[in-house]
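J.: First, the structure itself, so that you have it in front of you.
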Amino acid sequence: MSVNSPLDISRSFLATISTKMFRYYEDRIPQDASVLVVSNHRSFMDAPVLMEALSSPIRFACHHYMGQVPIMREIVTQQLGCFPLESPENRQHSFFVQSQRLLQSKQMVGVFPEGTKPMVKFTPANQVGEFQRGFAHLALRSQVEDLAILPIAIASLEEISTSALPLRVLSLFDPSEPLFNQPGLHPLVIYRRLAVLIGRPYWIMPQHKEKYQGKQGKKVVAELTEHCHGEIAKLLLEGCY
């Protein structure tokens, strides 16, 4: 598989379903740097959308169950280049190790800090949920120079919302996820038209890492998380016209 295969597949996929995309603020994309992409998350289409928007393959951290389901596993890992998170006891460590290795080789890494919740419950297109802080810890612990966190908003303008398989089927592949152990169907959001708005990059500087190692560690993690969440929330309101 060539390095551009995930990008080629993403473009072909979006063209096949005739998704129309509008991109804004492309000049904010960092050049010749390690980039950690942070985005809101409502659809299985989000990873291909972001690759097409940035014209680059992105190595996404994805939910543990995606590495367990036959066929889906081959698509997300071999075709799209994602790396599923491991079981809960090893999840954080494996996420840090794999992400740092990719960032050190100047590959883009993508994360969806809202976690699983938006994928098991329909959410409004102009809202973003609470962020988990793992990506902020990754950035501040990393041994990567010239690291930028790039917040991006995916704003749906026209979509088809339906349902896929029952949530409890997914618990067969990941019993550790409590959100799968409930009635109802897995939402399926298909974008017809959307806007992708690129936020201001947050550069990780030596002083950030110094604070992280000291008494202000929690504060710098919170500031970084809030910056990305606030940037995406603002861009969503701008994009969902």
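The values are calculated or read from the model by the stated rules, or taken from the named source; none is laboratory data. On a predicted model such as this, the values are computed, not experimentally measured, just so you know. All Cβ positions, glycine included, derive from the backbone under ideal geometry; neighbour counts span all protein chains shown. Calculation scope for accessible area: heavy atoms of the full protein, side chains included, ligands and nucleic acids excluded. Shrake-Rupley method; radii C 1.70, N 1.55, O 1.52, S 1.80 Å.
J.: Would you mind checking which residues have amide H under 5 Å from ASN40's amide H? H placed 1.01 Å from N; only 5 or more apart, or other chain.
T.: ILE152, ILE154
J.: Under 5 Å between amide H atoms, partner at least 5 residues away or on a different chain: which partners does ARG59 have, H built in plane at 1.01 Å?
T.: Excluding prolines and chain starts, which carry no amide H, the hits are MET108, VAL109, GLY110.
J.: Place a label point 7 angstrom from the Cα of GLU130 along the Cα-to-Cβ direction, then list the residues of the stretch 29-64 whose backbone nitrogen is under 18 Å away.
T.: What the label zone holds, given the 18 Å backbone N cut-off, is 40-41.
J.: Here is a further query. Between GLU226 and ARG193, what is the label-point separation in nm under the 7 Å Cα-to-beta-carbon projection?
T.: 3.7
J.: Still on this structure, I have one more. Could you give the length gained by full extension between PHE22 and TRP203, i.e. 0.36 nm per residue of separation minus their alpha carbon distance, to one decimal place?
T.: Values: separation 181, 0.36 × 181 = 65.16 nm, distance 2.56 nm.
Extra length available between PHE22 and TRP203 comes to 62.6 nm.
J.: What length, rounded to one decimal in nm, is gained on full extension from GLN104 through to SER5, with 0.36 nm per residue of separation minus their alpha-carbon distance?
T.: 33.6 nm
J.: Determine ³J(HN,Hα), in whole Hz, for all residues of the stretch 151-162 in sequence, where each value follows from phi through the Karplus function 6.51 cos²θ - 1.76 cosθ + 1.60 and θ = phi - 60°; x replaces Gly and Pro.
T.: My calculation for the stretch 151-162 gives x, 9, 9, 9, 10, 6, 9, 8, 8, 10, 10, 9 Hz in order.
J.: Of TYR241, TYR191, TYR212, which has the most accessible area with a 1.4 Å probe, and how do the rest follow in descending order? Spell out each step's value before the answer.
T.: Details: TYR241 160, TYR191 5, TYR212 35 Å².
Largest to smallest exposure gives the sequence TYR241, TYR212, TYR191.
J.: Rounded to the nearest 0.05, what FRET efficiency is calculated for PHE96 and LYS234 with R0 set to 30 Å and r the Cβ-Cβ distance? If you can, show how the numbers build up before the last one.
T.: On the way: r = 29 Å, r/R0 = 0.96.
That gives a FRET efficiency of 0.55.
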